[in-house]
Amino acid sequence: MNDIFIPQSEIERQKEIAKSLHPITNGKKACVITFGCQQNENDSELMAGILELCGYEITDNSELAEMIIINTCAIREHAEIRALSEAGQFKGRKANNRNIKIGLCGCMAQQSHRREQIYKSYPYVDFVFGTDMHYKLPEIIKTSFESKKRVSFITEKSHDCFGTISEGMPIRRESSYKAWVPVMYGCNNFCTYCVVPFARGRERSRNKDDVIAEVKSLVERGYKDITLLGQNVNSYNGGCDFADLLDACASFDGEYRVRFMTSHPKDASSKLVDVIANNKNVAKHFHLPVQSGSSRVLKLMNRKYDREQYLAKAMEIREKIPDIALTTDIICGFPTETETDFSDTMSLVKTVGFDMIYTFIYSPRVGTVAAKMDGQIPKDVSNARFKALSDMENDIAQSLNEKFVGKTLRVLSDGVNKNGIPCGRSTQNKIVTFDKVVPAGEFADVTIETVGAYALMGKIK
Ligand code: 5AD
Ligand code: SF4
């Protein structure tokens, strides 16, 4: 597996190129625009760090920037349309100022049919690069300046053998108290609806020592909420299993929380559940995507577990960790989904009682098995199922939250929300609002007085 690690000599070479760009980038601003998941947010923070190394000043305002990088998502069609329309916004600015550089990266850029479309229809995009190319950003930028032509840096290998890991490039984190830490990249599961294995390549794990050292350093620098990231953290294999990695990351001195995203139910082990139950620094939140409550649909999705196995795992989690928040992802309208399949999903949701569901309408993805299946479901049917599920979940979430009334929760403050109300998150990742401002990144005890479906309201103790 060693061949997946980019040699340190190459990382140093990129850093040298970054420095050599300073005469060109001096005084200029760069902006990274992010779509999609936490992995993309983490990648964008890395790119911002590398752009700083190249001499750019980072700005959130793309109108001030002369270097604009759009980090795209391909999980559903809606995400792709949004990223393309963002790219379209720059046509006029590029026409007015030839010096502006526009780059496109992320899951959409990794797919050849989208690259062809970008090449044909978005001539003002200067460079495109793939999901494992961030470390090469200095070279990509240099090539783009020198060649004056459009450039593309993509691993062209087939999806089952592409993917690298690079360590040692700088990162510019958005928050001073919340951090993402990737533990693995890619996915080998090939759920039949999902583009991720094609867009992010094969599973590969960072070395445990690198992950643990990064978490230790974050804790020492005062980070309080650290999320270990991977498409399926349970298949982590960088020197230990994921349960041991999580335990080690959550065993430093001080008050902080470690979370993780995302787990595949087929290999969420009892050992992992025990670590969450027993380590006080592991957040009491388990995101366990079920996708459907019908064993027939789960089989078609290639999820490798059935309804009963999922229910058993969910019950084990609820029994061992009574104060856990259990959240999930569900897809409505997967090809051939019948009313009976959907009512199986509704009944599973009722039985488990999820604290929150991320509900998605099935979106066919080029290259996936499900996109070619007969029995695609009409939009109005999927929409109706989406609504029925959301309505039921609202009631479930509300009643689960009632148990917090009168209890005192330890809340990590996020300062104030957009309405100026003091807010933060509990260990369950529930939004909590309260009466007095607490500086962002500090813990406070809040006694809960009233609850809604997606927020708890209380007073500082
Ligand atoms: N259509 C709809 N939802 C999807 N997801 C992944 N692929 C698709 C698709 N093609 C959802 C799954 C996954 C979440 C991140 O996105 O529920 O868990
Ligand atoms: Fe996609 Fe399935 Fe991999 Fe999750 S486990 S990223 S849904 S293929």
Beyond a 28 Å Cα-Cα separation, which of these cross-linked pairs lie in this structure: LYS142/LYS216; LYS266/LYS320; LYS136/LYS208; LYS15/LYS178; LYS313/LYS372? LYS142/LYS216; LYS313/LYS372
Through the Karplus equation 6.51 cos²θ - 1.76 cosθ + 1.60, θ set to phi - 60°, convert the phi angles of the stretch 318-327 into ³J(HN,Hα) values in whole Hz; use x for Gly and Pro. 5, 6, 6, 10, x, 8, 6, 9, 10, 10
Considering only C-alpha atoms, what is the centroid distance from the stretch 171-203 to the stretch 119-151, in Å? 22
Using only alpha-carbon positions, what ratio does the radius of gyration of the stretch 155-278 give when scaled by 2.2 N^0.38 Å? 1.08
ILE460: net charge of surrounding residues, Cβ under 10 Å, Lys/Arg +1, Asp/Glu -1, itself excluded? +1
The long-range amide H neighbours of VAL151, using H built 1.01 Å from N in the peptide plane and a cut-off of under 5 Å, are PHE127, VAL128
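For the stretch 8-153, what relative contact order do you get, as a whole percent, if you take Cα pairs closer than 8 Å and at least 6 residues apart? Display every interim value, and only then the final one.
On the way: 238 pairs, mean separation 35.1, N = 146.
Computed over the stretch 8-153, the figure is 24 percent.
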Label SER147 and ASP391 with points 7 Å out from Cα along Cα→Cβ: what is the distance between them in nm? 5.5
Just how far, in whole angstrom, is the stretch 427-461 from the stretch 406-425 if you go by their alpha carbon centroids? 4
Cβ crowding within 10 Å averaged over residues, with 241-253, 411-423, 89-101 ranked highest first: 241-253, 411-423, 89-101
Given just the C-alpha atoms of the stretch 405-460, how large is their convex hull per residue in cubic angstrom? 69
Lysines with Cα under 19 Å of LYS436, excluding same-chain neighbours fewer than 8 positions away: LYS407, LYS418, LYS459, LYS461
Output ³J(HN,Hα) for the stretch 265-280: one whole-Hz value per residue in order, computed from phi by the Karplus curve 6.51 cos²θ - 1.76 cosθ + 1.60 with θ = phi - 60°, and x for Gly and Pro. x, 5, 10, 7, 7, 5, 4, 5, 4, 5, 4, 4, 5, 9, 9, 5
Rg/Rh for the stretch 284-403: what does it come to with C-alpha atoms and Rh from Kirkwood? 0.98
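Starting from the Cα coordinates of the chain, work out the convex hull volume and express it per residue in Å³. If you can, show how the numbers build up before the last one.
Working: hull volume 69.6 nm³, N = 461.
Given the Cα convex hull of the chain, per-residue volume reads 151 Å³.
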Note the full-extension length gain between ASN61 and MET315 as 0.36 nm times their separation in residues minus their Cα-Cα distance, in nm to one decimal. 86.8 nm
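Can you give the local net charge around ARG296? Use residues other than it whose beta-carbon is closer than 12 angstrom to its beta-carbon, Lys and Arg +1, Asp and Glu -1.
Details: positive: LYS299, ARG303, ARG307; negative: ASP306, GLU337, ASP341, ASP344.
With Lys, Arg at +1 and Asp, Glu at -1, the net is -1.
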Would you mind checking the stretch 33-75 for residues with the amide N under 16 Å from a putative spin-label position 7 Å along Cα→C-beta of SER121? 73-74
Which percent, to the nearest 5, of DSSP beta bridges fully inside the chain are antiparallel? 30
Two decimals is fine: what's Rg over Rh for the stretch 8-153, C-alpha atoms, Kirkwood radius as Rh? 0.93
Three principal axis lengths of the stretch 246-313 [C-alpha, angstrom, descending]: 47, 17, 15
Whole-Hz Karplus ³J(HN,Hα) for the stretch 429-444, in order, using 6.51 cos²θ - 1.76 cosθ + 1.60 and θ = phi - 60°, x for Gly and Pro? 6, 6, 6, 10, 10, 8, 8, 10, 6, 10, x, 4, x, 9, 8, 8
Among the aspartates and glutamates, select those whose C-alpha is under 13 Å from the C-alpha of LYS101, and discard any that sit fewer than 8 residues away in the same chain. GLU63, GLU66, ASP126, GLU146
Compute the distance in nm between two label points, each set 7 Å from the Cα along the Cα-to-Cβ direction, one at ILE460 and one at THR338. 5.8
Once the other residues with Cβ under 13 Å from the Cβ of SER343 are scored (Lys, Arg +1; Asp, Glu -1), what is the net sum? 0
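Which order do the peptides 216-225, 285-294 come out in when sorted by mean C-beta neighbours inside 10 angstrom, highest first? Show your work: numbers first, answer last.
Values: 216-225: 16.5, 285-294: 22.3.
Output ranking for 216-225, 285-294: 285-294, 216-225.
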Where the centre of each part is set by its Cα atoms, how far does the stretch 61-78 sit from the stretch 305-371, in angstrom? 31
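Just so you know, all these numbers are worked out from the coordinates, no wet-lab data involved. Because the structure is a prediction, the values reported are computed rather than measured. Glycine also receives a Cβ, built like all others from the backbone with ideal geometry; neighbour counts cover every protein chain displayed.
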